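Asks: A single structure is presented below for examination.
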Amino acid sequence: MKSLHILLLEDTIADSQNIINLLSKDYNITLANTIKKAKDTLASSLFDLAILDISINGKLDGIEFAKHIQSTPTPIPFFFLTSMQSRAVFDQAKLTKPFTYLLKPFNVMELQYSIELVIEKHFEQKNALRSNTGLLTPDYLLIKKQDKICKVILDTIEYVEVEENYSTLYTSNQNHVIKKSLSKIKEMLLDKNFEQIHRKFLINFDKITEINLSENTVYLSPGFQASISERFKKKLIHRYGIIT
Amino acid sequence: MKINKLKKLLILFLLPCCVFSQKNEDHFALENSIKKVCKGKYTNFHKAHTFFFEKKKDSAFLYSSQALNDFIEESEITDYLNYIHGVNAYEKKFFSIAQKKLKTISSTFPYKYLVDYNLANIALNNNKYEEALHHYNVVINYNKIQSSHTLKRMYHNVGICYLHLKKYPESEKFLLKELSIAQNTKDTLSAIYAKLDLGNLYYQQYKDNKAISYFNKAYTLAKLFSNIEAKQATAKNMAVVEKNRKHYKKSVDYYIEYGKWRDSLWNRDKISELLEKDKQITVAVKDKEIFIQKEIAKKQKGRVQLFAISFIIVFLFLATLLFLYRIKIKQHKLINTQKQQLEKLNTTKNYLLSVISHDLRTSVNLLKNNHKNLSELLNINDTEAAILLNNENTSISESTSQVLDNILNWALQQNDQLLFMPEAHPIEILIDAILFDFKPLAITKNIELVTIHKNSDALVLLDKELFKIAFRNLIDNAIKYTQKGGKISIETSILDKEFILKIKDTGVGMSPTILDVINNYEALTVEKIEKSKGLGIGLQLSKTLITKNNGTFKIVNNPDVGITVFLKFPIQEI
């Protein structure tokens, strides 16, 4: 599991300090106080989200940078911070629709809500985070965990245990519970190398270290194992290429 | 000499003999017979005889000739047609055609005597006296002529024929017959001419006494009669006779009388000529009048055109005036709207100034004084009092900041400059986020802040920032007016597809006048606010923004203590 990497464009020290205080516990934040630095930073590392103060050094550089983000091959979600709810300012920002903004001053909850809102909007998966079904991006799964959003790289999942409408994703360092049924989970992992070996288990094929047919157990990375049911045994053996 | 005299006289007498065209009894029988035969069956024949009896010679002549082409075989009808054609030809003086046609009529033709009569007249016209007499005799033998007029004419003609042939006794016999008929029918003119004829007859036989007696009779009769030609003829006769008798004086008198009658004749002609002239003049006058009328009409037409043109010009002028007037009205309207807008802006500005001077200035001044006090407290190292004062200052700054935000947002709203971007939001999260800020304040004031969400995940279509401003103000008010140890409960629920948010406090409550203003006006204009002093800018802003977000806003005083704010929003269906 990894924290989201957020790019913050903010020129007021008090404001940027406040935001860092509010978010650094849950997220990695990179601060830029000019549009030039922001562009350089965006080019040099990967970000999951950008928080942009509209007015940078008296200019509407926040909007300018938003346009820059949208012109990149893989635009990241972003939202604006502003101290004024004036339409005149936003009329220019309309070019970057759909956009979200947050009026200063704000508290951590409002900030958190805006982050969720903007990610859901960006990936067009409404309510995916708040309802805890997991938000799937091309590279990873975003999960809301105790009011913070974290990303799970699907390949790091050892196996999945399904119980009714909930699935537990086991990774090497943490377990994540999301609200997804077996069929939904299978659908999500369709183009990944996963195989169902039991009514309740899906295993990551790449993580298999040993298949013990006498114990009906698959051994994955150290410390992870899952049982095989008779129903799925043949298919697993066939796929794994073991001749009994 | 004698011959000359004779000729002179005779010319006068032959004149009436060719007149036959008068309608008389003899033609009634003929007309009836023809109608019986025709009965309108034959178009041309019918037209021919109709025109014939109506004395339309040319038409009768034309149609009779066409009708003759219709009937190839000789019959009763061709006889009639030949008769009609012949008589018409005779009357038009086509004597040879007339003679030819009349001669082709069959001998069994029931009106043979009329045929002979006409042939006789033709012969007479051609000066063939013997032939004429032959036909006249046939007619006399038939003895079928009914009309005394025709008889008289015939006797006259017969007499003339005999006269030409110098058969004087026969001539005398027929002329006397003519005279007797004329006298019987009281035909004075005929009588005069008959007497003249007789006079001539005797004169030619040198029976001068007898002749003169007749001439005298004729002259006397003519004198009493109105016919000028007769007077002239008899006078001239008398003049010739007297001249021959060498009674020159008498002759001259008669000539003078003749001349007089000739002059009167000439006068008559002259008069008719004058009448004709007069007529022409009248016509000319009439023409002139017509011409004048035409001119007048033309002028009137010109006047009408002039009128039309001037009307158009006036109309165009009026239209232009109207157009300009409308432009002016439009400008006026625009100016009026602008004036109203300006007035509104001015009121807004004044209101803002009053808010700034009251709400803002007071708290900033208080802050200023408190800071002075704080410095003094710090100088004397009274830390405890300083901390208390600092806490107070913090809350004053916070409320001042709130007032400032409100003023700004309110001004933006008044100028329609607020960004409004409604989206579906989980409203409870927004509520919790705002309440999160007030928790420390509530704890400081020892106010219990309770939140009850009966339904989670309700989505409401609203602009989240505007809603937050409104809600923040409501909670701020609730905390401000609730005594220490009081309670504020926020309850959300869903009823009939409406999200209901209740904010209930145990504060001081509100005056009925303010409640009336806030509950009863859909839009809180500056004018209305001005009338109800004491209604804070925060509450106005809340109501305006909630309404803008399609919500309803209502405040009631609780039965026991404090107020409850009811907000309702339509639920966004997923």
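The values are calculated or read from the model by the stated rules, or taken from the named source; none is laboratory data. Predicted, not measured: the structure shown is a model, and the values here were computed from it. Glycine gets a Cβ as well: all are built from the backbone with ideal geometry, and neighbour counts include every protein chain shown. The area values use the complete protein model at the heavy-atom level, side chains included, leaving out ligands, DNA and RNA. Shrake-Rupley method; radii C 1.70, N 1.55, O 1.52, S 1.80 Å.
Asks: Give me the mean projected area, in nm² to one decimal, of the convex hull enclosing the Cα positions of the stretch B:289-417.
Replies: Over every viewing direction, the Cα hull of the stretch B:289-417 projects on average to 11.5 nm².
Asks: Taking a temperature of 37 °C and a viscosity of 0.692 mPa s, what whole-number D in µm²/s does Stokes-Einstein yield for the stretch B:20-77 with Rh from Kirkwood over alpha carbon pairs?
Replies: Approximately 279 µm²/s, per Stokes-Einstein.
Asks: What does the charge count around A:Thr217 come to, taking other residues whose C-beta lies under 15 Å from its C-beta (Lys +1, Arg +1, Asp -1, Glu -1)?
Replies: For residues surrounding A:Thr217, the net value is -3.
Asks: OK, next. In the calculated pair distance distribution of the stretch B:117-225, what percentage of Cα-Cα distances lie above 25 Å?
Replies: Roughly 20 percent, rounded to a whole number.
Asks: Then there is this: Taking only the alpha-carbon atoms of the stretch A:74-219, what semi-axes of the equivalent ellipsoid follow from 5 times the gyration tensor eigenvalues under a square root, in whole Å, largest first?
Replies: Semi-axes, largest first: 40, 14, 12 Å.
Asks: Shifting gears a bit: Of all the C-alpha pairs in the protein assembly as shown, what % are more than 36 Å from each other?
Replies: Values: 238340 of 334153 pairs.
So the portion of pairs separated by more than 36 Å is 71 percent.
Asks: Further question on the same structure: Take the alpha carbon atoms of the stretch B:25-146, find their radius of gyration, then divide it by 2.2 N^0.38 Å using N residues; give the quotient.
Replies: 1.01
Asks: B:Val517 accessible area, nearest 10 Å², 1.4 Å probe?
Replies: 20 Å²
Asks: Based on alpha-carbon atoms only, what is the radius of gyration of the stretch B:167-281 relative to the globular estimate 2.2 N^0.38 Å?
Replies: That works out to 1.23 for the stretch B:167-281.
Asks: Show B:Arg262, B:Arg326 ordered by accessible area, largest first, where the area counts protein heavy atoms only and the probe is 1.4 Å.
Replies: From most accessible down to least: B:Arg326, B:Arg262.
Asks: Could you give me the radius of gyration and the Dmax of the stretch B:419-570, taking only the C-alpha atoms into account and expressing both in angstrom?
Replies: 14.8, 41
Asks: Now, a different point. Report the antiparallel proportion of the DSSP beta bridges in chain A as a percent, rounded to a multiple of 5.
Replies: 65 percent
Asks: What are the semi-axes of the equivalent ellipsoid of the stretch B:362-468, taken as the square roots of 5 times the eigenvalues of the Cα gyration tensor, listed largest first and rounded to whole Å?
Replies: 37, 21, 7
Asks: Kirkwood Rh over alpha-carbon pairs of the stretch B:247-361, then Stokes-Einstein at 10 °C and 1.306 mPa s: what D in µm² s⁻¹, rounded to an integer?
Replies: After rounding, the answer is 65 µm²/s.
Asks: Here's a follow-up. What is the sum of charges around A:Lys200, taking Lys and Arg as +1, Asp and Glu as -1, for the other residues whose C-beta is under 11 Å from the C-beta of A:Lys200?
Replies: My count for the surroundings of A:Lys200 gives -2.
Asks: When the helices in chain B are scored as -39500 (n - 2.57) per DSSP H run of 4 or longer and the sum is shared across all residues, what 222 nm value do you end up with, to the nearest 500 deg cm²/dmol?
Replies: Result for chain B, helices only: -24500 deg cm²/dmol.
Asks: Follow-up. Expressed as a whole number of Å, what is the distance separating the alpha-carbon centroids of the stretch B:175-250 and the stretch B:457-491?
Replies: 152 Å
Asks: Just to confirm the number: angle between the C-alpha axis of helix A:108-122 and the first principal axis of chain A, 0 to 90 degrees, nearest 10?
Replies: That helix lies at roughly 70 degrees to the long axis.
Asks: Please state, to two decimals, what the Cα-based radius of gyration of the stretch A:2-122 comes to when divided by 2.2 N^0.38 Å (N = residues).
Replies: So the Cα radius of gyration is 0.95 times the expected 2.2 N^0.38 Å.
Asks: Here is a follow-up. Please compute the net charge surrounding A:Glu161, taking Lys and Arg as +1 and Asp and Glu as -1 over other residues with Cβ under 15 Å from its Cβ.
Replies: Numbers: positive: A:Lys179, A:Lys180, A:Lys184, A:Lys186, A:Arg199, A:Lys200, A:Lys207; negative: A:Glu158, A:Glu163, A:Glu164, A:Glu195.
So the environment of A:Glu161 carries a net charge of +3.
Asks: Sort B:Thr544, B:Thr282 by accessible area with a 1.4 Å probe, largest first.
Replies: I get B:Thr282, B:Thr544, largest accessible area first.
Asks: If you don't mind, there's one more thing I want to ask. Ranked from highest to lowest mean number of other Cβ atoms within 10 Å per residue, what is the order of the peptides A:44-57, B:265-278, A:138-151? Each step should come with its number before you reach the end.
Replies: Numbers: A:44-57: 18.9, B:265-278: 11.8, A:138-151: 16.1.
The most tightly packed comes first, giving A:44-57, A:138-151, B:265-278.
Asks: When only alpha-carbon atoms are used, what values of Rg and Dmax, in angstrom, describe chain B?
Replies: Radius of gyration, then largest Cα-Cα span, for chain B: 69.7, 196 Å.
Asks: Further question: What number, rounded to the nearest 500 deg cm²/dmol, is the helix-based mean residue ellipticity at 222 nm of chain A, given -39500 (n - 2.57) per DSSP H run of at least four residues and division by all its residues?
Replies: It comes out at -8500 deg cm²/dmol, rounded to the nearest 500.
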